[in-house]
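Presented below is the structure to which this report refers.
The values are calculated or read from the model by the stated rules, or taken from the named source; none is laboratory data. Note that this is a predicted model, so its numbers are computed, not measured. Cβ placement follows ideal geometry from the backbone for every residue including glycine, while neighbour counts extend to all protein chains displayed.
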Amino acid sequence: MALDCESLRSEFPQLEGGLVYLDNAASTLKPRRVVEAMKSFTYRSYANVHRGIHRLSREASRAYEEAHERVARLVGGSWDEVVFLRNTTEAMQTAAMLLAANKLIGPGDEVLVTEADHHSTLLPWLAAARMTGAKLKLLPVGPDGVPLWSRLPEYLSEKTRVVAFGHVSNVTGAVAPVEEVAREAHKMEAIVVLDAAQSVPHMPVDFKKLGVDLAAFSGHKMMGPTGIGVLWGRRDLLQELEPHMGGGGTVSRVKLEAGEVKVEWAEPPWRFEAGTPPIIEAVGLAEAADMLREVGPDRVAMHEAELVGRLMKALEPLAGEGLLRYAGPSEPERRHGIVSFTLKGMSPEEVGLLLDRRGIAVRTGLHCAHILHDRISMPGGSVRASFYLYNCPSEAEALAAALHEAAERAKRRSSQP
Amino acid sequence: MARLILVTTQAFESCRDKPQYRLLVELSEARRGEELEIVGEDVVLGFDTLLEILEDEGFDYEILDRDDLLGTYRVLARKRG
């Protein structure tokens, strides 16, 4: 059964005024039930977790632990494979620092990312490579900005320790062949790390089935609150790793023996959640994960595919005339939920500003993917429209109509003497 | 004296600090009677779009300089009221 976007919209008060919100790749709007869950927990059950014997602390601890379970149900695996951190960036940074601190990357090793990756993937692995004396390699992209996965074997070697990449590009919307990449990388015994920020909210994702070892995603991009993200890790790998960040909650016992500090780390995921964690946010994220599972990630995926197809169909005349250029594949079926582009004769920011005046919110700029934009000859950035479950076909049409108007304006401008 | 706002390619200092964004913030925060001198380039923000924004946001304006060929402009805007 197709997703009923009209009825879902009523869950999102921000849409009541007719806003066309197409900036979902940056952050999604929050449904009432997520806000209500956080509010109710805050007013009735909030206390610090794992540290108190009192009733409130027990209630809060139970809710916090259950949140791991509820999020795990969305992405496969068990609750103890879900580590709550601040966001995708921090989760990816944690993955990089964990592997570096545990000497799973060392001098002369290689870490592979792609030219299409978000800075949240590129920069943590660059830092880890610099810190350990490893070499960072980048799989190039083709003219459409999609990594040349067919060349992957050339970039892998027995020196490759890590392969990190995005599941769905935050610029082109292109979907990576994760299972194949993981298979090839594992042949070299490399650890596979997935940036799932743009996939978990939008399609069915099972990290175990995909064959990845570590993965990162954010709560705020899937209807949850800001301030919470997830580092998912294979249980046996997490068990092997010592945390790079110590603190409250990470240990089962600390002793002084013969003048030396001995540390017994807590079991995963607790050893990786240093200090007081994002407790209220975890409750909100769990509620968002439940809602997403109830709606059905497969239905969300189909719905977004329809919206992308509809938008790109309506933009065909502009693309055909050379007035609009896509960042990424020109075939809608090769991208997921995201359509980025430039208009001839108008800066991306001006396009964004004109759309805003029509009540349409999009993102403009380089989308934290500078190398990708340089590679596809869009050094000034692009305009990005990104859909979610509460967007309806009429919104794709409204965007197309506004872009036709903007293109006309640019055309008029260029024809003036 | 009018406050100077640059809407030029040179005004990009980082990917976060967009001149178009800064212009919108300055316009929204301007007080009645306050004057802003806007120096811009079409490649960053089209002249026609700028004038529309000024009208919609409640500014009177005077075009101090406009070069269609170079696509540059200088506009003095005054918040009404």
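Any residue at all in the stretch B:12-22 that is touching a residue at least 24 places away in the same chain (Cβ under 8 Å), within 13 Å of the chain's Cα centre (by Cα) and part of a helix (DSSP H, G or I)?
yes
Considering the stretch B:1-17 alone, what residues qualify as being within 11 Å of another protein chain (Cβ to nearest Cβ) and touching a strand residue (DSSP E or B) at 6+ places or on another chain (Cβ under 7 Å)?
Once the filter is applied, which keeps residues that are within 11 Å of another protein chain (Cβ to nearest Cβ) and touching a strand residue (DSSP E or B) at 6+ places or on another chain (Cβ under 7 Å), the stretch B:1-17 yields B:7, B:9, B:15.
To keep it simple, each residue is scored yes or no on (1) within 20 Å of residue A:339 (Cβ to Cβ); (2) in contact with a Lys or Arg (Cβ under 8 Å, 6 or more places away or on another chain).
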{"position": "A:11", "(1), (2)": "no, yes"}
{"position": "A:16", "(1), (2)": "no, no"}
{"position": "A:29", "(1), (2)": "yes, no"}
{"position": "A:38", "(1), (2)": "no, no"}
{"position": "A:47", "(1), (2)": "no, no"}
{"position": "A:53", "(1), (2)": "no, no"}
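If I filter the stretch A:114-160 down to residues being small (Gly, Ala, Ser) and surrounded by 22 or more Cβ atoms within 10 Å (Cβ to Cβ), which single residue comes out as nearest to residue A:230 (Cα to Cα)?
A:120
In the stretch A:19-33, which residues are among the β-branched types (Val, Ile, Thr) and either in the same structural domain as residue A:300 (by TED's automatic domain parsing) or more than 23 Å from residue A:290 (Cβ to Cβ) (or both)?
Matches in the stretch A:19-33: A:20 only.
Name the helices (runs of 4 or more DSSP H) wholly inside the stretch A:298-417 in which the number of residues that are crowded, with 17+ Cβ neighbours inside 10 Å and at pLDDT 95 or above is 3 or more.
Fully inside the stretch A:298-417 and qualifying: A:348-356, A:370-375, A:393-415.
May I ask you to say which residue of A:50, A:68 is at positive phi and either surrounded by fewer than 15 Cβ atoms within 10 Å (Cβ to Cβ) or of a type outside the set (Asp, Glu) (or both)?
On inspection, the qualifying residue turns out to be A:50.
Residue by residue through the stretch A:180-230, note down the ones that are surrounded by fewer than 23 Cβ atoms within 10 Å (Cβ to Cβ) and closer than 20 Å to residue A:391 by Cβ.
A:203, A:204
Would you please name the residue that is surrounded by the most Cβ atoms within 10 Å (Cβ to Cβ), looking only at residues in the stretch B:24-64 that are in a loop (DSSP other than H, G, I, E, B) and more than 14 Å from every other protein chain (Cβ to nearest Cβ)?
Looking at residues that are in a loop (DSSP other than H, G, I, E, B) and more than 14 Å from every other protein chain (Cβ to nearest Cβ), I get B:30.
Tell me, yes or no, whether the stretch A:270-284 has at least one residue that is without any contact (Cβ under 8 Å) to a residue 60 or more places away in the chain, of a type outside the set (A, V, I, L, M) and surrounded by fewer than 17 Cβ atoms within 10 Å (Cβ to Cβ).
There is at least one residue in the stretch A:270-284 that is without any contact (Cβ under 8 Å) to a residue 60 or more places away in the chain, of a type outside the set (A, V, I, L, M) and surrounded by fewer than 17 Cβ atoms within 10 Å (Cβ to Cβ).
Just a yes or no: is a residue in the stretch A:144-155 more than 27 Å from residue A:87 (Cβ to Cβ), in contact with a strand residue (DSSP E or B) (Cβ under 7 Å, 6 or more places away or on another chain), without any contact (Cβ under 8 Å) to a residue 40 or more places away in the chain and part of a loop (DSSP other than H, G, I, E, B)?
yes
So which of A:70, A:62 is among the charged types (D, E, K, R), under 29 Å from residue A:48 (Cβ atoms), out of contact with any strand residue (DSSP E or B) (no Cβ under 7 Å at 6 or more places or on another chain) and without any contact (Cβ under 8 Å) to a residue 12 or more places away in the chain?
A:62
Starting from residues that are away from chain B (no Cβ under 12 Å) and touching a residue at least 60 places away in the same chain (Cβ under 8 Å), keep the ones in the stretch A:362-381 and report whichever is farthest from residue A:323 (Cα to Cα).
Filtering the stretch A:362-381 for residues that are away from chain B (no Cβ under 12 Å) and touching a residue at least 60 places away in the same chain (Cβ under 8 Å), the one farthest from residue A:323 (Cα to Cα) comes out as A:371.
One line per residue, one yes/no per condition, for (1) in a helix (DSSP H, G or I); (2) over 28 Å from residue A:133 (Cβ atoms); (3) modelled with pLDDT of 95 or more:
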{"site": "A:3", "(1), (2), (3)": "no, yes, no"}
{"site": "A:8", "(1), (2), (3)": "yes, yes, yes"}
{"site": "A:11", "(1), (2), (3)": "no, yes, yes"}
{"site": "A:27", "(1), (2), (3)": "no, yes, yes"}
{"site": "A:33", "(1), (2), (3)": "yes, yes, yes"}
{"site": "A:63", "(1), (2), (3)": "yes, yes, yes"}
{"site": "A:90", "(1), (2), (3)": "yes, no, yes"}
{"site": "A:100", "(1), (2), (3)": "yes, no, yes"}
{"site": "A:105", "(1), (2), (3)": "no, no, yes"}
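Among the candidates A:352, A:345, A:359, which residue alone is within 28 Å of residue A:220 (Cα to Cα), small (Gly, Ala, Ser), out of contact with any Pro (no Cβ under 9 Å at 6 or more places or on another chain) and within 11 Å of chain B (Cβ to nearest Cβ)?
A:352
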